[in-house]
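The values are calculated or read from the model by the stated rules, or taken from the named source; none is laboratory data. The shown structure was predicted, so the numbers you read here are calculated from the model rather than taken from an experiment. In this analysis, Cβ positions are derived from the backbone assuming ideal geometry, glycine residues included, and neighbour counts consider all displayed protein chains. Protein only, heavy atoms only, side chains kept; ligands, DNA and RNA dropped before computing areas. Shrake-Rupley method; radii C 1.70, N 1.55, O 1.52, S 1.80 Å.
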Amino acid sequence: MIDYGHGDDVYKYEGIDFKANFSSNVWYKGAPKKLLVHLQEELKSIENYPAPSAENLTQLIEDHHSLSRNTSIVTNGATEAFYLITNVFHSSTVTICCPSFSEYEQASIANKLEIKFINRNAILEHEFDTQLAFICNPNNPDGIENTVEELNLLTSKFPETIFIIDEAYTEFTSSNISCVSLLKKRNNIILIKSLTKLFCIPGLRLGYLLTTPTLISKLLKYKIPWNINSVALSAGEFLFRHYKELTPNFDSCFDNTEKLKNAINLLPGFKVHSTNTSYFLIELEQPKASELKSFLIQKHQLLIRNASNFRTLNEHFIRVASQTPEKNELLINALKQWRF
């Protein structure tokens with residue numbers, strides 16, 4: 001296992017009553033209350049085996065995206081999708097754009113793929129020659145993004161490469177960059193979607209992938225049955241039946257994010273990296289990300305993401321996900337007290 005870690009490591013700090021958690025870039029207002037009520041009523045479902053391949057949820061997903069049948073697979077979080085895909089293409093080659101989610105690399109190593117690393121900023125100029133390529137759009141942790149038009153040109157230019165486009169955070173950007181429309185044009189795209197971030201249910205581990213029926217057929221040969229538990233299945237079905245009603249409104253979140261970024265940028269020693277997402281990187285004047293994280297935990301009960309363990313980043317970087325205006329103000333005031 002690659003020890004890159006993740007945000008939301010609050011479990012490591014037992015006994016600390018955090019005032020705010022800026023380390024995890026899931027929806028900050030929590031899971032929908034209607035979903036929580038529904039799941040309480042569905043707990044009895046654990047007495048029965050779930051559907052082996054999440055048949056009902058799969059159809060709801062395909063209908064939601066206006067796709068034909070046999071174009072989706074429900075996965076145990078987005079991470080299972082990464083392992084499933086790399087398992088199907090065991091011992092082949094892959095390009096991974098950095099910095100980005102460590103599970104791309106971890107899944108590739110586990111399945112003995114030969115890895116090429118490139119800069120996330122350079123994908124439009126890169127000559128792709130591997131069988132697979134991972135692209136996070138918008139990217140985690142820095143929010144870099146590409147338009148649908150750019151990715152359409154890229155995937156058409158390299159038809160022999162299967163592009164795995166991770167769209168876990170497409171709702172967390174003010175741009176319209178989802179590539180679902182490209183699935184009807186290209187046969188070398190696999191989209192990865194996550195319900196855990198958008199609806200704040202990471203503990204349920206629920207995601208899905210979208211691609212062509214041909215690739216779905218290959219992937220299903222390697223997918224384990226009953227990979228989604230009955231409670232998660234019930235949650236997914238409920239969410240897609242009430243999708244518009246339960247989808248968060250990000251307008252105020254984006255406004256709060258801009259105010260937070262501007263306020264931090266004014267502080268000496270902190271440089272905010274520009275992004276359209278509700279999360280962003282902050283570059284420190286001195287490489288003390290770990291010390292700043294400890295200071296915020298111990299002195300202010302605030303949690304941030306030390307981003308130094310992302311490949312290509314270093315101890316100069318932290319990542320912050322915007323919260324409510326009141327919580328954002330707590331972070332701004334705490335950073336004012338930090339001395340390099």
query = Which net charge results for the neighbourhood of Asn328, defined as the other residues with beta-carbon distances under 14 angstrom from its beta-carbon, given Lys and Arg at +1 and Asp and Glu at -1?
reply = +2
query = Which of the lysines could be linked to Lys299 by a straight reach, that is with a Cα gap under 21 Å, when you skip same-chain ones fewer than 8 residues away?
reply = Lys12, Lys19, Lys288, Lys327, Lys336
ask   = In nm², what is the average projected area of the convex hull enclosing the Cα atoms of region 72-199?
value = 7.1 nm²
query = What angle do you read, to the nearest 10 degrees and between 0 and 90, between the alpha-carbon axis of helix 148-157 and the longest principal axis of the chain?
reply = 50 degrees
task = Can you pull the one-decimal nm distance between simple spin-label points at Ser68 and His126, each 7 Å off the Cα toward Cβ?
result = 3.1 nm
task = Classify region 183-340 as rounded, prolate or oblate, taking a ≥ b ≥ c as the square roots of the eigenvalues of its Cα gyration tensor: rounded when a/c is under 1.5, otherwise prolate if a/b is larger than b/c and oblate if not.
result = prolate
Environment charge of Thr130, counting only residues whose C-beta is closer than 13 Å and scoring Lys/Arg +1, Asp/Glu -1 = -3
remark   = The extension gain from Arg241 to Ser217, computed as 0.36 nm times the residue separation minus the Cα-Cα distance, is 6.0 nm
key: Derived scalar couplings ³J(HN,Hα) [region 258-264; Karplus, 6.51 cos²θ - 1.76 cosθ + 1.60; whole Hz; x for Gly, Pro]   = 4, 5, 5, 4, 5, 5, 5
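Evaluate E = 1/(1 + (r/R0)^6) for Ile46 and Asn249, where r is the Cβ-Cβ distance and R0 equals 22 Å; express this FRET efficiency to the nearest 0.05.
Values: r = 33 Å, r/R0 = 1.48.
It comes out at approximately 0.10.
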request  = Report the calculated FRET efficiency for Asn314 and Lys29 (r = Cβ-Cβ distance, R0 = 25 Å), to the nearest 0.05.
outcome  = 0.15
message = Please compute the contact order of region 91-230 in relative form: average sequence separation of alpha-carbon pairs under 8 Å and at least six residues apart, divided by the residue count, as a percent.
response = 18 percent
message = Starting from the 7 Å offset along Cα-to-Cβ, what nm value, one decimal, do you get for the label separation of Lys271 and Tyr13?
response = 2.7 nm
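Please compute one quarter of the surface area of the Cα convex hull for the chain and express it in square nanometres. Could you put the intermediate results ahead of the total?
On the way: hull surface 67.9 nm².
Quarter of the Cα hull surface area: 17.0 nm².
Mind pulling the per residue volume of the convex hull built on the Cα atoms of region 17-105? Å³ is fine.
Details: hull volume 18.5 nm³, N = 89.
Given the Cα convex hull of region 17-105, per-residue volume reads 208 Å³.
What does the charge count around Asn265 come to, taking other residues whose C-beta lies under 14 Å from its C-beta (Lys +1, Arg +1, Asp -1, Glu -1)? It would help to have the intermediate numbers written out before the result.
On the way: positive: Lys259, Lys261, Lys271, Lys336; negative: Glu258, Glu283, Glu285.
Surrounding charge for Asn265 is +1.
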query = Which order do Ser217, Ser23 take when ranked by solvent-accessible area (1.4 Å probe, heavy atoms of all protein chains), largest first?
reply = Ser217, Ser23
request  = Could you give me the percent of Cα pairs per 10 Å distance bin for region 153-207, shortest bin first, beginning at zero and ending with the bin that holds the maximum distance?
outcome  = 22, 45, 26, 7
Antiparallel DSSP beta bridges within the chain, percent to nearest 5 = 50 percent
note = Counting sequence-distant residues (5 or more places) and residues on other chains, those with an amide H built under 5 Å from that of Ile162 are Leu132, Ala133
query = Using alpha carbon centroids, what distance separates region 243-279 and region 25-100, in Å?
reply = 27 Å
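Determine, from the Cβ-Cβ distance of Lys112 and Val231 and an R0 of 45 Å, the FRET efficiency 1/(1 + (r/R0)^6), rounded to the nearest 0.05.
Working: r = 34 Å, r/R0 = 0.76.
Efficiency, rounded to the nearest 0.05: 0.85.
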note = Expressed in angstrom and ordered largest first, the alpha-carbon extents of region 157-246 along the principal axes are 39, 37, 20
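Give the accessible surface of the chain per residue, rounded to a whole number of Å², with probe radius 1.4 Å and ligands, DNA and RNA excluded. List each step's numbers first, then the result.
Values: 15360 Å² over 340 residues.
Each residue of the chain exposes 45 Å² on average to a 1.4 Å probe.
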note = So the carbon and sulfur contribution to the accessible area of region 194-340, 1.4 Å probe, in percent, is 50 percent
inquiry  = From the phi angles alone, apply the Karplus equation (6.51, -1.76, 1.60; θ = phi - 60°) to region 86-95 and give each ³J(HN,Hα) in whole Hz, x where the residue is Gly or Pro.
reply    = 5, 5, 4, 9, 3, 6, 9, 10, 8, 9
key: ³J(HN,Hα) computed for each position of region 22-39 - Karplus, 6.51 cos²θ - 1.76 cosθ + 1.60, integer Hz, glycine/proline x   = 9, 8, 10, 9, 9, 4, 7, 8, x, 5, x, 4, 5, 5, 4, 5, 4, 5
remark   = The base-10 log of I(q)/I(0) that the Debye equation returns for region 277-321 at q = 0.28, 0.34 Å⁻¹, one scatterer per C-alpha, is -1.01, -1.20
